[in-house]
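Some notes on the structure that comes next.
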Amino acid sequence: MDSKQDTYRRLGALINQRRFEEALAQADQTLGAAADDAQLWLMKGIALTFLDRAGEAETALNRCLELAPDNVAAHTQLGQLAARTGRTSQAETHYRAALELNPGLTSALNGLAVLFARAGKYAPAREMFSRMIEVNPEDPRPAINLANLHLDHGYGDRAGKLLAGLPPKAQEFPEFWATMRRLPRAEAAGDAEIMADEGMARALNRKGRHAEALDLVRRRITSLKGQKVPAGLWFEAARAYLGLEQTDSAQQALEETLKVDPEHRFAAHLLPALRGEAPATTQPELVASIFDELAPRFDQHLTQTLGYRIPEVLVEMLARTGTTEFGRVADLGCGTGLVGEALGGRHTHLAGVDLSAEMLQRAEERRLYDQLDRAEIAAWLRSEKELFDTFFAADVFVYVGDLAPILHAARDAAAPGARLAFSVESGASDEGFEVDLTSGRYRHGRTYCAELAERAGWSVLLAEPQAIRRERSVPVDGYCFLLEAR
């Protein structure tokens, strides 16, 4: 028989999977034998809320509070239901009750902030948004909302200062650029609005909202009426077309991008791939620029947002085949040093190489590496004087098409019996490699990797399917390989 916690977990999983009818049925079934279980009434109320059965949801949530008056989630849910139906006083009462129990609850703070903002109450709305920023300074959305509140009440200078102080992560949100467009402008208004539209289109494309991005860019290009269109606008149009699988239009937009800016590295990378002529590798300058910009938020974005744990997976594969001490280690494309963390000090020498100076600086701050070099991987391997016992390439080959130069260079730098662990994203074909036209990353076939490794002097010990990361909550399929030098 399931424990209460098992039941709660099962219901929570159904709700998270948006299987609300099933969650409701299971909650009702369980309540038949446990009518005084407050948590079951809460979960029933949440399921009913998502099913747009507001009256029944309120009944269930109020029953939860009768049984457990200090249930924070029930107060918050009731606040949201009341706000949705215009009962602002009741909504405020529930939100404040939730905050009495948990002063840092952002959902309740946001609920109150929105209530106050809609009522035109500047000072209390400002207080709530400010408290949200204090609770979670890494999330730029409360600050963007506060900037909009400032603008609504004529405080453009406050909004401008607030937006200017936000970290680069804020620019990933379309709302940031929409707010930027609302700022008071001087004579440079036209250029500033073009930049804001380009930034908003970029953010929309990153979130997969390609039709919205394309509509925005088309309207801006039309508004320019024969003037020079910035390369960035053409490029975001190309990305939107690619996301919508309109490849002919995408090719034209990439060609326009390069007419305006022949040095546009990403367009120069994607255009040959779109023509069926995928370059052998990503330009080193493009890789360096991408990761120099990402470095300040890289670890959190990769491990928390994208669910990345490939270093741990590769270390575990080595352990399963008897390698728990790693000797001299080469971390290829070391980034901020996540492989170094996963090794747990079980090495005699740890060397890292990367193209990004910013990433290397953060790896240095971990104080785990004996050697860090900025260089291209194959060239670096050929320059090393001492042999290595273990090589790692965690989520690195997505920026390399032809793996032969690195696999051969690693084999030449390998001590007897050395091992190489790496990951790749899966290709549509099992043979060769291709460029993912939406991300610009490379995908490799399993057979291609295995045959290339054999030709380079490696034996394939393991080749296992593995989700490399999540993108927009969807797993990105790939493989993890473990090779041994022959």
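Within the bounds of region 86-94, is there any residue that is under 25 Å from Ile144 (Cβ atoms) and buried (at least 19 other Cβ atoms within 10 Å of the Cβ)? Scanning region 86-94, I find at least one residue that is under 25 Å from Ile144 (Cβ atoms) and buried (at least 19 other Cβ atoms within 10 Å of the Cβ), so the answer is yes.
When region 243-287 is filtered for residues that are in contact with a Pro (Cβ under 9 Å, 6 or more places away or on another chain), exposed (fewer than 14 other Cβ atoms within 10 Å of the Cβ) and not small (Gly, Ala, Ser), only Pro272 remains. Residues in region 421-428 include at least one that is touching a Gly at 6+ places or on another chain (Cβ under 7 Å), surrounded by 15 or more Cβ atoms within 10 Å (Cβ to Cβ), at pLDDT below 90 and under 25 Å from Ala268 (Cβ atoms).
Here Ala453, Ala467, Ala418 are screened, and the one residue that is within 19 Å of the chain's Cα centre (by Cα), small (Gly, Ala, Ser) and surrounded by 15 or more Cβ atoms within 10 Å (Cβ to Cβ) is Ala467.
Given the conditions (1) outside any helix (DSSP H, G or I); (2) surrounded by 16 or more Cβ atoms within 10 Å (Cβ to Cβ), which single one is not true for Asn145? The number of the failed condition is (1). Taking Glu285 as the residue in question, decide whether it is within 30 Å of Pro262 (Cβ to Cβ), out of contact with any strand residue (DSSP E or B) (no Cβ under 7 Å at 6 or more places or on another chain) and modelled with pLDDT of 80 or more. Here the answer is no, as Glu285 does not meet what is asked. From the list Glu434, Glu484, the one residue that fits, being out of contact with any Ser or Thr (no Cβ under 8 Å at 6 or more places or on another chain) and either modelled with pLDDT of 95 or more or not small (Gly, Ala, Ser) (or both), is Glu434. Please verify whether region 390-398 includes one or more residues that are open to solvent by 60 Å² or more (accessible area, probe 1.4 Å) and closer than 29 Å to Pro465 by Cα. No, every residue in region 390-398 fails to be open to solvent by 60 Å² or more (accessible area, probe 1.4 Å) and closer than 29 Å to Pro465 by Cα.
The set of residues in region 78-132 being over 22 Å from Thr49 (Cα atoms), in a loop (DSSP other than H, G, I, E, B) and among the small types (Gly, Ala, Ser) consists of Gly104, Ala119, Gly120.
It is to be established whether one or more residues within region 307-322 are at pLDDT 95 or above, at positive phi and more than 19 Å from the chain's Cα centre (by Cα). No, region 307-322 contains no residue that is at pLDDT 95 or above, at positive phi and more than 19 Å from the chain's Cα centre (by Cα).
Tally up the residues in region 171-185 that are open to solvent by 60 Å² or more (accessible area, probe 1.4 Å) and touching a residue at least 12 places away in the same chain (Cβ under 8 Å), please.
Going through region 171-185, the residues open to solvent by 60 Å² or more (accessible area, probe 1.4 Å) turn out to be 171, 175, 181-182, 184-185.
Retained after the next criterion (residues that are touching a residue at least 12 places away in the same chain (Cβ under 8 Å)): 171, 175, 181-182, 184.
Residues that pass the stated criteria total 5.
Is there a residue in region 128-138 that is in contact with a Leu (Cβ under 8 Å, 6 or more places away or on another chain), within 30 Å of Glu22 (Cα to Cα) and β-branched (Val, Ile, Thr)? No, there is no match, as no residue in region 128-138 is in contact with a Leu (Cβ under 8 Å, 6 or more places away or on another chain), within 30 Å of Glu22 (Cα to Cα) and β-branched (Val, Ile, Thr).
Within region 152-170, is even one residue open to solvent by less than 10 Å² (accessible area, probe 1.4 Å) and either in contact (Cβ under 8 Å) with a residue 40 or more places away in the chain or in contact with a His (Cβ under 6 Å, 6 or more places away or on another chain) (or both)? Looking through region 152-170, at least one residue is open to solvent by less than 10 Å² (accessible area, probe 1.4 Å) and either in contact (Cβ under 8 Å) with a residue 40 or more places away in the chain or in contact with a His (Cβ under 6 Å, 6 or more places away or on another chain) (or both). Within region 60-72, the residues that satisfy the criterion of being open to solvent by 40 Å² or more (accessible area, probe 1.4 Å) and within 13 Å of Gln39 (Cβ to Cβ) are Arg63, Leu67, Asp70. Note on region 389-448: residues that are among the hydrophobic types (A, V, I, L, M, F, W, C) and in a loop (DSSP other than H, G, I, E, B) amount to 6. Considering only region 131-139, I want to know if a residue exists there that is within 30 Å of the chain's Cα centre (by Cα), buried (at least 18 other Cβ atoms within 10 Å of the Cβ) and over 18 Å from Asn102 (Cα atoms). Among the residues of region 131-139, not one is within 30 Å of the chain's Cα centre (by Cα), buried (at least 18 other Cβ atoms within 10 Å of the Cβ) and over 18 Å from Asn102 (Cα atoms), which makes the answer no. Which ones in region 205-236 are assigned to a helix (DSSP H, G or I), among the hydrophobic types (A, V, I, L, M, F, W, C) and either modelled with pLDDT under 90 or surrounded by fewer than 20 Cβ atoms within 10 Å (Cβ to Cβ) (or both)? Once the filter is applied, which keeps residues that are assigned to a helix (DSSP H, G or I), among the hydrophobic types (A, V, I, L, M, F, W, C) and either modelled with pLDDT under 90 or surrounded by fewer than 20 Cβ atoms within 10 Å (Cβ to Cβ) (or both), region 205-236 yields Ala211, Ile221, Ala231. Please go through region 470-486 and give me each residue that is buried (at least 17 other Cβ atoms within 10 Å of the Cβ) and either of a type in the set (Phe, Trp, Tyr) or over 24 Å from the mean Cα position of the chain (by Cα) (or both), ordered by number. Hits for region 470-486 are Tyr479, Phe481, Leu482, Leu483, Glu484, Ala485.
The values are calculated or read from the model by the stated rules, or taken from the named source; none is laboratory data. What you see is a predicted model; the values in this text were computed from it and never measured. Cβ coordinates were reconstructed from backbone atoms using ideal geometry, including for glycine residues, and neighbour counts include every protein chain displayed. Note: accessible area is taken over every heavy atom of the protein model, side chains too, but ligands, DNA and RNA are not part of it. Shrake-Rupley method; radii C 1.70, N 1.55, O 1.52, S 1.80 Å.
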